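A.B. asks: Below is a structure I'd like to ask you about.
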Amino acid sequence: MFPFLIVVLFSLSWKISDSTQPAEEFLHCLSLRFHNSSSISELVYTQHNSSYSSVLKSSTQNFRLSTPSTPTPLVIITPLHASHIQATVHCCKKHGLQLRIRSGGHDFEGLSYTTTYEVPFVVIDLLNLRSVRINVEKGTAWVESGATVGELYYEIAKRSRTLAFPAGIGHTVGVGGHLSGGGFGLLFRKYGLAADNVIDSRLIDVKERILDRKSMGEDLFWAIRGGGGSSFGVVLAWKLNLVAVPAIVTVFTVSKTLEQNATKLVHRWQYIAHKLPKEIHMSIGISRVKSNENEKMTIQASFRAVFLGSIDELLPLMEEKFPQLGIVKEDCFEMGWAESNLYSTQFPIGVPLETLLNGNRKSILSKLFFKAKSDYVKQPIPETTFEGLWPKFYKEEAKSAIMVFVAYGGKMDEILETETPFPHRAGNIFIILYMVD
């Protein structure tokens with residue numbers, strides 16, 4: 001009981017005390033370690049700075065975690081150089097401040113820029129560390145953690161239509177958090193996760209050392225590829241193995257309502273999608289919509305695919321493996337691989353490739369007030385379970401709810417669950433994302 005009382009009194013004392021004191025001590029420490037002290041005002045934002053709020057919210061993708069009651073950092077650091085991060089790590093240690101690392105701000109629970117504990121913390125926002133260097137001849141890239149997935153795709157596409165990287169479809173997602181969490185996207189059935197294709201990195205550890213794969217050792221290099229990079233240090237940059245894709249890929253979206261046999265099609269998809277060739281990525285988006293026939297609410301399942309090949313190659317494959325879906329040539333569109341990522345986030349066909357660079361454009365998982373969770377499915381869900389699920393979509397609190405099924409299989413079945421900290425490999429037939437706005 002006595003230790004608990006001490007913890008409570010400490011928490012109360014923190015709430016009552018003026019938070020400017022730890023911030024001022026921290027800033028003084030920084031001023032002693034920044035080589036150019038005048039740069040502090042350009043790179044450091046306190047809660048009293050007029051730009052603090054805009055910087056904090058600039059890459060906050062989930063507005064549920066941007067309310068008056070959400071804990072906010074004492075200070076935000078936007079470093080230009082590794083030395084700025086080393087100084088921040090040193091001063092946080094010295095003054096007992098927790099540290100959060102943010103690249104794109106897409107983590108569902110805001111772990112990169114807020115906290116669930118009543119403790120003072122500092123955020124390092126890597127928005128200024130976003131260079132992307134592509135080596136087409138070697139098929140590699142060095143990418144700083146503050147770059148977005150869209151910036152990476154754009155730089156690859158500028159130099160080659162037959163190289164790609166197997167990361168996610170959200171173009172505003174930060175590379176740093178994505179790679180350190182595992183990262184799956186349109187190519188993960190062909191080439192594995194984004195983290196599976198990291199071949200080197202540069203990291204600042206708790207001792208303020210800058211380490212690469214050789215100097216950090218294989219254990220730490222293993223940990224940052226799926227175990228959450230900021231748990232072990234601040235990853236400055238990643239060396240990536242780029243992968244081969246055809247110059248033309250094919251996409252389609254076919255939507256079916258309950259009245260169009262959606263339940264049976266979704267049920268059948270579970271037995272097919274994870275067994276398809278590695279070259280095809282298939283998913284289903286499920287939501288409630290108004291029926292075209294009578295304006296009543298119904299459930300719609302949108303079957304989406306990206307295939308590494310032409311329409312003429314895809315159609316016989318779908319006819320053989322999933323004839324019930326009834327895919328025809330008119331459903332399909334050919335485009336480059338980079339463009340297929342924009343298509344998969346519901347941008348219109350034909351938007352310029354530069355859209356990948358625009359962090360302000362809304363994608364399906366950005367700038368919303370949402371809650372999201374996931375499940376991994378190892379056995380097909382009975383058709384009767386789906387029939388019991390659909391009525392829940394008609395409830396008022398579920399009016400914006402969506403479910404997304406993404407097929408596993410392919411390369412994911414070939415990689416051991418111990419290869420990286422991301423263990424969800426063989427045995428999973430698909431993943432379900434639940435989201436409500």
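Please treat every number below as a calculation from the coordinates, not as lab data. Every value quoted in this text rests on a predicted model; they were computed, and no experiment measured them. Quick reminder, even Gly has a Cβ in these numbers, built from the backbone with ideal geometry, and neighbours come from all protein chains shown.
A.B. asks: Peptides 223-229, 199-205: what's the order by average Cβ count within 10 Å, highest mean first?
C.D. replies: 223-229, 199-205
A.B. asks: A further question follows. Which of the helices in the chain, when you take each full DSSP H run, stretch at least 18 Å along the axis at their Cα atoms and have an average Kyte-Doolittle score of 0.5 or higher?
C.D. replies: Helices passing the filter in the chain: 2-16.
A.B. asks: Next question. For the chain, what does -39500 (n - 2.57) per DSSP helix run (n ≥ 4), summed and divided by total residues, give at 222 nm, in deg cm²/dmol to the nearest 500?
C.D. replies: About -8000 deg cm²/dmol.
A.B. asks: Taking the convex hull of the Cα atoms, report for the stretch 347-437 its projected area averaged over all directions, in nm².
C.D. replies: Answer in nm², one decimal: 8.9.
A.B. asks: If you don't mind, there's one more thing I want to ask. Output wanted: per-residue J couplings in Hz (rounded whole) for the stretch 69-81, from phi through Karplus 6.51 cos²θ - 1.76 cosθ + 1.60, θ = phi - 60°, x for Gly and Pro.
C.D. replies: Rounded to whole hertz, the list is 8, 6, x, 10, x, 4, 9, 10, 10, 10, x, 9, 9.
A.B. asks: For the stretch 132-244, count the residues as N, evaluate 2.2 N^0.38 Å, and divide the Cα radius of gyration by that value, please.
C.D. replies: 0.99
A.B. asks: Taking θ = phi - 60°, what integer Hz values does the Karplus form 6.51 cos²θ - 1.76 cosθ + 1.60 yield along the stretch 345-357, in sequence order, with x for Gly and Pro?
C.D. replies: In residue order, the calculated couplings are 9, 6, 7, x, 4, x, 5, x, 4, 4, 4, 4, 8 Hz.
A.B. asks: Would you please give the residues with an amide H less than 5 Å from that of LEU368, counting only those at least 5 places away or on a separate chain, with H modeled from the backbone geometry?
C.D. replies: Residues meeting the amide H criterion: PHE63.
A.B. asks: In whole Hz, with x marking every Gly and Pro, tabulate ³J(HN,Hα) for the stretch 297-306 from phi via Karplus 6.51 cos²θ - 1.76 cosθ + 1.60, θ = phi - 60°.
C.D. replies: Karplus-based 3J(HN,Hα) across the stretch 297-306 equals 6, 8, 9, 10, 10, 9, 8, 10, 8, 10 Hz.
A.B. asks: First select every other residue whose beta carbon is under 11 angstrom from the beta carbon of ILE349; then total the charges, Lys and Arg +1, Asp and Glu -1.
C.D. replies: Here the count lands on -2.
A.B. asks: Within straight cross-link reach of LYS329, meaning Cα distance under 17 Å, which aspartates and glutamates are found once same-chain residues fewer than 8 apart are removed?
C.D. replies: ASP312, GLU313, GLU319, GLU320
A.B. asks: Amide H to amide H, which residues 5 or more places from LEU242 or on other chains are under 5 Å from it, using H placed in the peptide plane?
C.D. replies: Distant-sequence amide H within range of LEU242: THR140, ALA141.
A.B. asks: Can you pull the Rg over Rh of the chain, Cα-only, Kirkwood?
C.D. replies: Answer for the chain: 1.00.
A.B. asks: Enumerate cysteines in the chain without a disulfide-compatible partner, where compatibility requires another Cys Cβ under 4.7 angstrom.
C.D. replies: Those would be CYS92, CYS332, since no other cysteine Cβ in the chain comes under 4.7 Å of theirs.
A.B. asks: If you don't mind, there's one more thing I want to ask. Given N residues in the stretch 39-92, what is Rg(Cα) / (2.2 N^0.38 Å)?
C.D. replies: 1.22
A.B. asks: Looking at the calculated P(r) for the stretch 231-300, what percent of the C-alpha pair distances fall above 19 Å?
C.D. replies: 59 percent
A.B. asks: Kirkwood Rh over Cα pairs of the stretch 25-135 into Stokes-Einstein at 10 °C, 1.306 mPa s: D in µm²/s?
C.D. replies: The diffusion coefficient I find is 110 µm²/s.
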